[in-house]
Amino acid sequence: MQKIKAYVGTHCRHKGRFLTIDALRRELVLSVGSDRTQLFKVPEKRILIFRAPAPSLECGCFISNGEFLSGSDNGCIARWSILERKPVSMVQDAHAVIADGLNANGNLACSWVSSVAVCRRSDLAASGAGNGCVRLWGVESESRDIRPLYELPLFGFVNSLAFAKSGRFLIAGVEQEPRLGKWGRLKSVQNGVAIHPLRLS
């Protein structure tokens with residue numbers, strides 16, 4: 001049996017909850033905690049810290065080797081450059097809830113952005129919350145804007161998102177409750193996985 005050699009490093013810099021991790025290439029690791037976002041430059045053993053203008057960051061993923069996307073508990077989606085410590089663009093109330101706080105199913109709704117995903121080698125991103133839909137966004141390379149594209153109806157708390165490698169599907173993990181607590185519950189929702197086919201031009 002062949003032995004595998006590996007490097008294991010331990011970094012304990014998050015003081016709050018550790019929520020999401022992503023890697024696009026071997027040298028960079030993105031971690032999102034309730035206190036801040038951190039970028040690990042593995043060969044240099046350096047950590048870059050990004051503080052969001054939100055009470056708590058909930059999720060994050062790479063757009064490219066130089067940029068990443070984050071979602072927060074105040075309903076904001078932010079686009080970051082690894083060269084700047086503040087977001088280069090933001091969308092406030094990305095999953096706005098209607099006035100009475102109910103979604104179209106008549107249940108408690110939530111604008112807390114609990115998941116984000118980016119379709120690799122494209123300008124397409126997605127975000128999920130508990131407001132009855134998954135939102136698709138265009139992440140413009142030149143203007144660096146986050147442009148709303150489309151809404152996919154989906155009731156429940158969208159606690160995780162991923163694009164298929166082919167870009168032909170968007171997969172969502174949907175539950176009755178938020179992934180970090182039991183402060184909301186949508187009784188009519190079944191826990192499961194939703195698959196939305198996509199047609200990318």
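Once the range 49-59 is narrowed to residues that are aliphatic (A, V, I, L, M) and surrounded by 14 or more Cβ atoms within 10 Å (Cβ to Cβ), the residue that is modelled with the highest pLDDT is Leu57. For beta carbons closer than 6 Å, sequence separation of 6+ or different chains, a first residue in the range 153-164 that is under 11 Å from Val113 (Cα atoms) and a second that is surrounded by fewer than 21 Cβ atoms within 10 Å (Cβ to Cβ) and charged (D, E, K, R), the qualifying pairs are Phe157/Glu175; Asn159/Glu175; Asn159/Arg179. Just wondering, is there one or more residues in the range 182-190 that are basic (Lys, Arg) and without any contact (Cβ under 8 Å) to a residue 12 or more places away in the chain? Checked against the condition, which is being basic (Lys, Arg) and without any contact (Cβ under 8 Å) to a residue 12 or more places away in the chain, the range 182-190 yields at least one hit.
Scanning the range 65-95 for residues that are outside any loop (DSSP other than H, G, I, E, B) and either modelled with pLDDT under 90 or crowded, with 24+ Cβ neighbours inside 10 Å (or both) yields Phe68, Leu69, Ser70, Gly71, Ser72, Ile77, Ala78, Trp80. The residue list Ala126, Ala162 contains one member that is surrounded by 21 or more Cβ atoms within 10 Å (Cβ to Cβ) and modelled with pLDDT of 95 or more, which is Ala126. Determine if the range 184-194 includes at least one residue that is surrounded by fewer than 21 Cβ atoms within 10 Å (Cβ to Cβ), more than 16 Å from the chain's Cα centre (by Cα), at pLDDT 85 or above and within 18 Å of Phe62 (Cβ to Cβ). No, that holds for no residue. The residue of the range 142-159 that is farthest from Arg79 (Cα to Cα), among those that are among the hydrophobic types (A, V, I, L, M, F, W, C) and crowded, with 16+ Cβ neighbours inside 10 Å, is Phe155.
Does Val139 satisfy the condition of being of a type in the set (A, V, I, L, M, F, W, C), buried (at least 16 other Cβ atoms within 10 Å of the Cβ) and touching an Asp or Glu at 6+ places or on another chain (Cβ under 7 Å)? Considered against the rule, which asks whether it is of a type in the set (A, V, I, L, M, F, W, C), buried (at least 16 other Cβ atoms within 10 Å of the Cβ) and touching an Asp or Glu at 6+ places or on another chain (Cβ under 7 Å), Val139 comes out as yes. Could you tell me whether Pro148 is assigned to a loop (DSSP other than H, G, I, E, B) and within 17 Å of the chain's Cα centre (by Cα)? No, not satisfied. If you go through the range 153-174 and keep only what is within 16 Å of the chain's Cα centre (by Cα) and part of a strand (DSSP E or B), you end up with Phe157, Val158, Asn159, Ser160, Leu161, Ala162, Phe163, Leu170, Ile171, Ala172, Gly173, Val174.
The values are calculated or read from the model by the stated rules, or taken from the named source; none is laboratory data. Because the structure is a prediction, the values reported are computed rather than measured. FYI the Cβ positions are ideal-geometry reconstructions off the backbone, even for glycines, and counts take in every protein chain you see.
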